[in-house]
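The values are calculated or read from the model by the stated rules, or taken from the named source; none is laboratory data. Source: prediction; values computed, not measured. FYI the Cβ positions are ideal-geometry reconstructions off the backbone, even for glycines, and counts take in every protein chain you see. Side chains included, ligands, DNA and RNA excluded: accessible areas come from the protein's heavy atoms. Shrake-Rupley method; radii C 1.70, N 1.55, O 1.52, S 1.80 Å.
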Amino acid sequence: MVCRDVEGLSRRAAEQFVALAQQSIVVRGRFAVALSGGSTPRALYSLLATSEFSGQLDWRKIQLFFGDERCVPPDHGESNYRMVQQSLLAKIVIPRENVHRMLGEIEPAKAAATYEDEIRKTFALTANQLPRFDLIFLGLGDDGHTASLFPASSALRETQALVASTYVEKFQAHRLTLTLPTINNAAQITFLIAGQTKAAVVKAILAGQGNEAPAARVQPTEGELTWLITADAAGDFGNS
Ligand code: 6PG
């Protein structure tokens, strides 16, 4: 779906969040969502915090997870948690235990294992069961990465673990990320993509040429996949 601009994309995503949350809470008594990081979703989270949207949400029944995190403390400028804290969490009333932060400040492999345990506990999973997130938001890097699944990353080949830690050469930094099995088991996956710099990778993936890109491997096994794209990120795709 092509949206006019980031504001239009954020509104569309916020409407989807509310609709899915209300439906999941009625059906399952709970809404489990994984938030994406980076800069694009900041406007969405700020919109969700407004009374127009937050007033429609029972945050006591919403479990907020993260799709990925930079291995930095939660108050670090690079922290996805900090971005969500500033744009959303600081403006809503949500039980602390409903916010599941990836521990970017501890040793990466231990942080990944700890987060996996937290997911298993919250979803009450049996040994080999995958969590089924009601909604996962994802971003897209201009290199085709999504969450912190970067091209050629070993995390892309992970078939068992729910969460992985990975060292990202280009950033000389460690990251934590949900793995493809976890992501692809979601009921709804929505990409939030804005900016002219993404136009080439969007076109390549949606035209089926970029199928080695990590984002191209996001294919829900039993769920819906939506690409929300701003006009500048859509470029001439669709006119081709
Ligand atoms: C992160 C994100 C990452 C992001 C893309 C797009 O931790 O950075 O999870 O996957 O979504 O890099 O980032 P922008 O929205 O800043 O373009």
I'd like the full set of residues that are small (G, A, S) and under 12 Å from the mean Cα position of the chain (by Cα), limited to region 40-85. G67
Which of (1) among the hydrophobic types (A, V, I, L, M, F, W, C); (2) within 14 Å of the ligand (Cβ to nearest atom); (3) more than 14 Å from the chain's Cα centre (by Cα); (4) assigned to a loop (DSSP other than H, G, I, E, B) is the odd one out, the single condition M102 does not satisfy? (3)
Which residues, counting only those in region 112-133, are under 14 Å from the mean Cα position of the chain (by Cα) and open to solvent by 10 Å² or more (accessible area, probe 1.4 Å)? R132
Boolean, V33 is open to solvent by less than 40 Å² (accessible area, probe 1.4 Å), touching a residue at least 24 places away in the same chain (Cβ under 8 Å), in contact with a strand residue (DSSP E or B) (Cβ under 7 Å, 6 or more places away or on another chain) and within 16 Å of the ligand (Cβ to nearest atom): yes
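Here is a yes/no grid of residues against (1) out of contact with any Cys (no Cβ under 6 Å at 6 or more places or on another chain); (2) within 21 Å of A186 (Cα to Cα); (3) not in a loop (DSSP other than H, G, I, E, B):
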position: G37; (1), (2), (3): yes, yes, no
position: Q56; (1), (2), (3): yes, no, no
position: Q63; (1), (2), (3): yes, yes, yes
position: R82; (1), (2), (3): yes, no, yes
position: I94; (1), (2), (3): yes, no, no
Scope region 167-206; condition among the aromatic types (F, W, Y) and open to solvent by 10 Å² or more (accessible area, probe 1.4 Å); matching residues: Y167, F171
Is it fair to say R96 is away from the ligand (no atom under 14 Å from the Cβ), more than 15 Å from the chain's Cα centre (by Cα) and free of Cβ contacts under 8 Å to residues at least 24 places away in the same chain? yes
So which residues in region 116-143 are within 30 Å of A200 (Cβ to Cβ) and either near the ligand (Cβ under 10 Å from one of its atoms) or among the β-branched types (V, I, T) (or both), if there are any at all? I136, F137, L138, G139, L140, G141, D142, D143
Qualifying positions in region 165-174 - in contact with a strand residue (DSSP E or B) (Cβ under 6 Å, 6 or more places away or on another chain) and of a type outside the set (S, T, Y): V168, H174
Would you confirm, using the coordinates I've provided, whether T177 is hydroxyl-bearing (S, T, Y) and part of a strand (DSSP E or B)? yes
Of the residues Q16, Q86, Q22, which is modelled with pLDDT of 95 or more, among the polar types (S, T, N, Q), assigned to a helix (DSSP H, G or I) and open to solvent by less than 50 Å² (accessible area, probe 1.4 Å)? Q16
Report whether or not Y45 is assigned to a helix (DSSP H, G or I), touching a strand residue (DSSP E or B) at 6+ places or on another chain (Cβ under 6 Å) and open to solvent by less than 80 Å² (accessible area, probe 1.4 Å). no
